[in-house]
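Contents: one structure, followed by commentary.
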Amino acid sequence: MKLIELIIDENEFFSGINAISLVEYPAIEEDFIALSKQKVEFATQSAEKRILMGAALVPNKPIYRKDGEEEFYVYFTKETIRKASEMFFQKGNQNNSTLEHEESIKGMSVVESWIIEDEEKDKSRMYGLDLPVGTWMVSMKVNNPDIWENYVKTNKVKGFSIEGYFADKVNMSRSPLAEIEEQEAALILSSIVGIIKRDGRKKSGKRLELESFSDYPDGVKNNAKRGIELNEKGGNKCATDVGKIRAQQLAQGKPVSVETIKRMHSYLSRAEEYYDEGDTSACGTISYLLWGGKAGKRWAESKLKELGKL
């Protein structure tokens, strides 16, 4: 099975780690330890600190991924992990946290971060964690009572999983448009995410439902439909699977989540220079239309501002 190294693209502003998510199944297969007075299955220490400590990234650890029918593994080197951990704080992302990579949550802060330099003397050994040199460790303060009571103490979340954008070292020589498309597909491909278990996860006795919106104008739907038609005419060779799925979603007027709106705004802002209204056979034009085109960009920007997300 193919093994791909993920790296930070020095020329890409979005490259790096944007947030840390609390998940039930960590992609790196390492549970965190809850430092709390009340013992839970993975807790040990004392005083109501409400701090979670664990590994965010482990060097050279193969992480299983699947894109359609293709199965492969990705991994990070020690050098990339150190650089990514530094950039995480340089960009001020220590208060960015999500639940199962689906819902942004407040009241969460990374209060401690370090790279394991010595396996035997590192503080993580005090808590029974056996992790290799080069591992990025974090401690996260949980000031959100709902998350602590309903997710940490009930064992619904067990570890950390990062969210971010990384380049595929094998494909760094591809065209700029292909690179943008792959980075926007990173929620499936390059973003290191845990396995999301949607069914059965509940909040206050009810199924957790994400806020979504379908109030985008007809211009967005029509652009997506136009993109689908042009792509089919050219043999359906343009755009990633994520772009094609996004087009079907928009063309049918289906609701989209806040995270999807963020991806729309990000992609359309960066790929606009490859859009040529007069060249309907160009992949840059077709891909741009699949994501909603200029109407999609305007709506996404307006909606994010309305929600205080931009």
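For this structure, a couple of remarks:
- Listed conditions (1) in contact (Cβ under 8 Å) with a residue 60 or more places away in the chain; (2) under 26 Å from Tyr75 (Cβ atoms); (3) not charged (D, E, K, R) are all met by Val111, apart from (2).
- Residue list for the range 220-252, restricted to those being over 19 Å from Lys303 (Cα atoms), aliphatic (A, V, I, L, M) and without any contact (Cβ under 8 Å) to a residue 40 or more places away in the chain: Ile245
- Test result for Lys233, charged (D, E, K, R), under 25 Å from Glu70 (Cα atoms) and more than 22 Å from the chain's Cα centre (by Cα): no
- Scan the range 126-153 for residues that are in a loop (DSSP other than H, G, I, E, B), of a type outside the set (A, V, I, L, M, F, W, C) and modelled with pLDDT of 90 or more and the total you get is 5.
- Restricting attention to the range 71-87, the residues that are out of contact with any Phe, Trp or Tyr (no Cβ under 9 Å at 6 or more places or on another chain) and touching a residue at least 60 places away in the same chain (Cβ under 8 Å) total 4.
Matching residues to (1) touching a Ser or Thr at 6+ places or on another chain (Cβ under 8 Å); (2) in contact (Cβ under 8 Å) with a residue 12 or more places away in the chain; (3) of a type in the set (S, T, N, Q):
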site: Pro255; (1), (2), (3): yes, yes, no
site: Val258; (1), (2), (3): yes, yes, no
site: Ile261; (1), (2), (3): no, yes, no
site: Ser266; (1), (2), (3): no, yes, yes
site: Gly278; (1), (2), (3): no, no, no
site: Ser281; (1), (2), (3): no, yes, yes
site: Leu290; (1), (2), (3): no, yes, no
site: Arg298; (1), (2), (3): no, no, no
site: Leu304; (1), (2), (3): no, yes, no
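- For the range 70-79, the condition holds for no residue, the condition being that it is within 20 Å of the chain's Cα centre (by Cα), assigned to a helix (DSSP H, G or I), more than 23 Å from Ile51 (Cβ to Cβ) and of a type outside the set (Phe, Trp, Tyr).
- Test: residue in the range 124-135 that is touching a Ser or Thr at 6+ places or on another chain (Cβ under 7 Å), of a type in the set (Asp, Glu) and surrounded by fewer than 17 Cβ atoms within 10 Å (Cβ to Cβ): no
- Scanning the range 11-67 for residues that are of a type in the set (Asp, Glu) and at pLDDT 85 or above yields one hit, Glu24.
- Restricting attention to the range 104-125, the residues that are in contact with a helix residue (DSSP H, G or I) (Cβ under 9 Å, 6 or more places away or on another chain) and part of a strand (DSSP E or B) total 6.
- Top-ranked residue of the range 273-310 - restricted to ones that are more than 21 Å from Leu230 (Cβ to Cβ) and acidic (Asp, Glu), ranked as surrounded by the most Cβ atoms within 10 Å (Cβ to Cβ): Glu301
- Of the helices (runs of 4 or more DSSP H) lying entirely inside the range 155-259, the ones with 3 or more residues being of a type in the set (A, V, I, L, M, F, W, C) and either farther than 17 Å from Gly293 by Cα or modelled with pLDDT under 75 (or both) are found at 176-184.
The values are calculated or read from the model by the stated rules, or taken from the named source; none is laboratory data. Bear in mind that the values here come from a model prediction, so they are computed numbers and not experimental data. As a convention, Cβ positions derive from the backbone with ideal geometry for all residues, glycine included, and neighbour counts pool all protein chains shown.
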